[in-house]
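Worksheet: one structure, shown below.
Bear in mind these aren't lab numbers, they're just calculated from the coordinates by the rules spelled out. No experiment lies behind these values; they were computed from the predicted model shown. Cβ coordinates were reconstructed from backbone atoms using ideal geometry, including for glycine residues, and neighbour counts include every protein chain displayed.
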Amino acid sequence: MKYLVGEVSVNQQITDDIWVVRVSCEPVEAKAGQFYMLKSWDTEQTLMRPISVFKAEEGCLWFMYRVVGQGTRRMSFLEKGDAIRLLGPCGNGYPCEQIKGRVALVGGGVGIPPLCETAKTLQRNGVTVDAYLGYRDVLFAVEDFEPWCTDMFISTEKGEEGYKGFITDLLKPEQYDVVLTCGPEVMMRKVAAMCAEHDVTCYCSLEHRMACGIGACLGCSIRTKSGMKRVCKDGPVFLSTELMW
Amino acid sequence: MDNDVNLSVEVAGVPFKNPLIAASGTFGFGEEYHELYDVGCLGGICSKGLTLHPKDGNDGIRVWETASGMMNSVGLQNPGVEAFIETGIAQMRRFGNVLIANMGGHSMEDYVTGATMLSASDIDMLELNISCPNVKSGGMAFGIKAEVAEEVVRAVRKVCTKPLIVKLSPNAENIVEMALACERAGADALSLVNTFQAMAIDIRKRKPVFNNVYAGLSGAAIKPIALRMVHAVCKQVRVPVIGIGGIYTAEDVLEFIMAGAAAVQLGTVNFNNPLAGREVLDDLAQLCRREGITDINEIRGVC
């Protein structure tokens, strides 16, 4: 984990509220499912913002973020050549080296991008990866998953693209050795419950408000079956059976 | 350390190589920030707020950004005094700076038992937290009324063999009266201020953001008020005062020292810039040089 200065090379709006930023920085040490604390301000905002890695490449990191408040709005103003501070990589990430066989990645909304680097890592490890991507209406990042996935399933709430309904309607956990999920809590709970029914291992990546991002402030602690855990340091990826929701 | 500027200070007989101390609750036990820089460069570190027994802390949202600051309602999540003595102290010792254990409590008995245990341990100083606004039963109550604070400090003083710092709440009925009461009761030093009791509402849910309704406000927003309180207290007490409250820069540090503080604590700024401790220290030496200050102690209380 390091505190770095990066340079923005792309910052693009891709839907109403989703943006993608490409940051040149050294070194890039991120593993699938890890995140960085980002800030594009000095002290105008107090806290850095935790954003998951979308894609990690030689000398650059991609982040996809949803504009939800003042911090992310400020980030959306970034232009090519602007500086951005990065603290990370933070958190544990998905245990890709332990995963074998056939895997389903189940993403919802802005929880989709964090699974992209995971798809790549797993595919390169010889794992068969299927992606289940659930959107509200407009698709994004689909083509980024394509090179790494065997089958892809898409849903939108009103059926603008792909299946009409929730992505969990399409998932059959019994076909998989492991299921990895990231997205709205209600979706992940459903995925976790379906996996539990079929005794399939399920990892969930949680989103949480945090202040330090490195495990010091305890601002993102959650109750788990093995006691209090810090989402930033002990997570953000947890075994679904550890969670109490 | 730059030889041409003396940054070393003394607080209650304890030498600090510089006046910067990491504030309790923002720095864990130092370990996480030590991955980013040698935290031993700081004058000292205050441990995460301890309680006699382990605590899980508060449910619900715990941190919330505000204009020029933030609110928190962590609720003293900590492993308890015993676990801290068993593992936390050794962890903090390797940094080589002043080790301050911060301890809060729910009852007079908890404070006294905890202070007794910590007195027998290898800490350098005890910072008594009588001011956490995020713990429902007690905590804050001790920090509001001077006579209640005096009683708890007196009881702790009897058993405490370490230099005793009492950390004051800005929510006290009268901060100067509170400071004088704690001094009378035997505090060796005072630190102020803790967070201001504050509130945020989620208008979409039509509910308070925090489960406890109120939470503690910190950061740059509170600095001018904290400075005023430190100044007012320094005019009235003889014991050294450690200034806390929205200190982000070397300039802020000098302001607090000119207001009379013996040392300062850096808290919220650690979240804005994880290298803040080291950077403020580097800036401080340069700033002193620029301002023609050869010994930081010479400007103390000039205002």
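Read through the list (1) surrounded by 20 or more Cβ atoms within 10 Å (Cβ to Cβ); (2) away from chain B (no Cβ under 11 Å); (3) in a loop (DSSP other than H, G, I, E, B), then give the number of the only condition that A:Cys212 fails.
Unmet condition: (2).
Where residues in region B:19-66 are facing chain A (nearest Cβ under 8 Å) and of a type in the set (Lys, Arg), which of them is surrounded by the most Cβ atoms within 10 Å (Cβ to Cβ)?
B:Arg62
For region A:89-126, give me each residue that is assigned to a strand (DSSP E or B) and hydrophobic (A, V, I, L, M, F, W, C). Step through it out loud before you land on a result.
Going through region A:89-126, the residues assigned to a strand (DSSP E or B) turn out to be A:89-90, A:102-108.
Correct list: A:Cys90, A:Val103, A:Ala104, A:Leu105, A:Val106.
Within region B:234-259, track down each residue that is in contact (Cβ under 8 Å) with a residue 40 or more places away in the chain and in contact with a strand residue (DSSP E or B) (Cβ under 6 Å, 6 or more places away or on another chain).
Those that are in contact (Cβ under 8 Å) with a residue 40 or more places away in the chain and in contact with a strand residue (DSSP E or B) (Cβ under 6 Å, 6 or more places away or on another chain): B:Cys234, B:Val239, B:Pro240, B:Val241, B:Ile242, B:Gly243, B:Ile244, B:Val253.
Condition first: closer than 20 Å to A:Phe145 by Cβ and surrounded by 23 or more Cβ atoms within 10 Å (Cβ to Cβ). Now tell me which residues in region A:83-109 satisfy that.
A:Gly93, A:Tyr94, A:Val103, A:Ala104, A:Leu105, A:Val106, A:Gly107, A:Gly108
If we keep just the residues of region B:160-193 that are small (Gly, Ala, Ser) and not in a loop (DSSP other than H, G, I, E, B), which is nearest to B:Glu10 (Cα to Cα)?
Among residues in region B:160-193 that are small (Gly, Ala, Ser) and not in a loop (DSSP other than H, G, I, E, B), the one nearest to B:Glu10 (Cα to Cα) is B:Ala189.
Considering A:Ser52, A:Ser24, A:Ser76, which residue is under 26 Å from B:Tyr37 (Cα atoms) and touching a residue at least 40 places away in the same chain (Cβ under 8 Å)?
Values: A:Ser24 fails: touching a residue at least 40 places away in the same chain (Cβ under 8 Å); A:Ser76 fails: under 26 Å from B:Tyr37 (Cα atoms).
Just one listed residue meets the conditions, A:Ser52.
Collect the residues in region A:221-245 that are among the hydrophobic types (A, V, I, L, M, F, W, C) and facing chain B (nearest Cβ under 7 Å), keeping them in residue-number order. If you could, list the steps in order and put the result at the bottom.
We begin by selecting, within region A:221-245, every residue among the hydrophobic types (A, V, I, L, M, F, W, C); these are A:222, A:228, A:231-232, A:237-239, A:243-245.
Scanning region A:221-245 gives a single hit, A:Met228.
Take the residues in region A:215-230 that are touching a residue at least 12 places away in the same chain (Cβ under 8 Å) and surrounded by 24 or more Cβ atoms within 10 Å (Cβ to Cβ); name whichever of them is nearest to B:Gly277 (Cα to Cα).
Result: A:Leu218.
Looking at region A:127-178 only, could you name the residues that are of a type in the set (S, T, N, Q), free of Cβ contacts under 8 Å to residues at least 40 places away in the same chain and not in a loop (DSSP other than H, G, I, E, B)? Full working, then the answer.
Let us first name the residues in region A:127-178 that are of a type in the set (S, T, N, Q), namely A:128, A:150, A:155-156, A:168, A:175.
So of that shortlist, the ones also free of Cβ contacts under 8 Å to residues at least 40 places away in the same chain come out as A:128, A:150, A:155-156.
Result: A:Thr128, A:Ser155, A:Thr156.
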